[in-house]
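Contents: one structure, followed by commentary.
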Amino acid sequence: MNFDNTIIKQLDERGFVVSKVRGVSMWPLLNQKNTTVYIEKSSSYKKHDCILFMRANKDMILHRILKVREDYYLVCGDNQAFLEKVYPAQIKGKMLEYYKNGKTKHLKGFSYRIYLVGMIITRPLRICREILKKIIKKVIRKT
């Protein structure tokens with residue numbers, strides 16, 4: 001049984017899962033070296049929730065909802081630039097808290113709000129970063 005199937009099985013059986021994170025898409029909030037997340041099944045999601053969803057290729061992804069549409073959500077990782085469309089059927093749960101360096105961190109409070117505003121404000125910079133990376137790669141390939 002692979003890692004992703006274990007997560008889905010625990011969500012289905014227990015209604016929640018505690019898991020280490022992999023990848024850097026939600027950095028700096030979540031760090032794969034020292035962060036564990038608590039994800040719970042839910043039937044309602046709102047703007048700024050961090051949701052766990054499954055892509056068509058079966059990858060499990062944890063990203064933040066940035067826009068709510070009638071039939072889908074637009075999500076993006078805190079370290080990502082571009083929005084991704086996610087349908088309710090793809091969503092497996094939402095992160096309620098995380099554990100970093102042995103401390104429980106809740107997704108509320110003044111510090112978290114400041115972090116959230118910072119991530120939203122700096123998203124255009126991440127878009128510029130990605131565009132510049134593409135341009136630099138093209139220039140390097142031509143030489």
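The values are calculated or read from the model by the stated rules, or taken from the named source; none is laboratory data. What you see is a predicted model; the values in this text were computed from it and never measured. FYI the Cβ positions are ideal-geometry reconstructions off the backbone, even for glycines, and counts take in every protein chain you see. The protein model used for the area step is the full one, side chains on, heavy atoms only, and it has no ligands, DNA or RNA in it. Shrake-Rupley method; radii C 1.70, N 1.55, O 1.52, S 1.80 Å.
Odds and ends about this structure:
- Rg and Dmax of region 43-92, Cα atoms only, in Å: 9.8, 27
- Crossing angle, helix 110-142 versus the chain [Cα axis fit, 0-90 degrees, rounded to tens]: 40
- Rounded Å value of the spacing that divides the Cα centres of region 1-78 and region 87-111: 9
- With eigenvalues of the C-alpha gyration tensor scaled by 5 and rooted, the chain, Å: 26, 18, 17
- In the chain, helical runs assigned H by DSSP with n ≥ 4 each contribute -39500 (n - 2.57); averaged across all residues and rounded to the nearest 500, the mean residue ellipticity at 222 nm is -11000 deg cm²/dmol.
- Mean separation of Cα contacts under 8 Å (6+ apart) over length of region 1-66, as relative contact order %: 25
- Here the chain has 57 percent of its accessible surface on carbon and sulfur atoms, given a 1.4 Å probe and all protein chains in place.
- From most to least packed by mean Cβ count within 10 Å, the peptides 109-121, 130-142, 54-66 give 54-66, 109-121, 130-142.
- Once the 1.4 Å probe is applied to the protein heavy atoms, the chain comes out at 65 Å² accessible per residue.
- Against the main long axis of the alpha-carbon atoms of the chain, helix 3-14 sits at an angle near 40°.
- Label sites at Val139 and Leu96, each approximated as a point 7 angstrom past Cα along Cα to Cβ, lie 5.0 nm apart.
- Computed over region 17-143: relative contact order in percent, which uses C-alpha pairs under 8 Å that are six or more apart: 23
- Cα gyration tensor category, rounded, prolate or oblate, for region 7-61 with a/c compared to 1.5: rounded
- Label-point gap, in nm, between Ala56 and Ile127 - each point 7 angstrom along Cα→Cβ: 2.4
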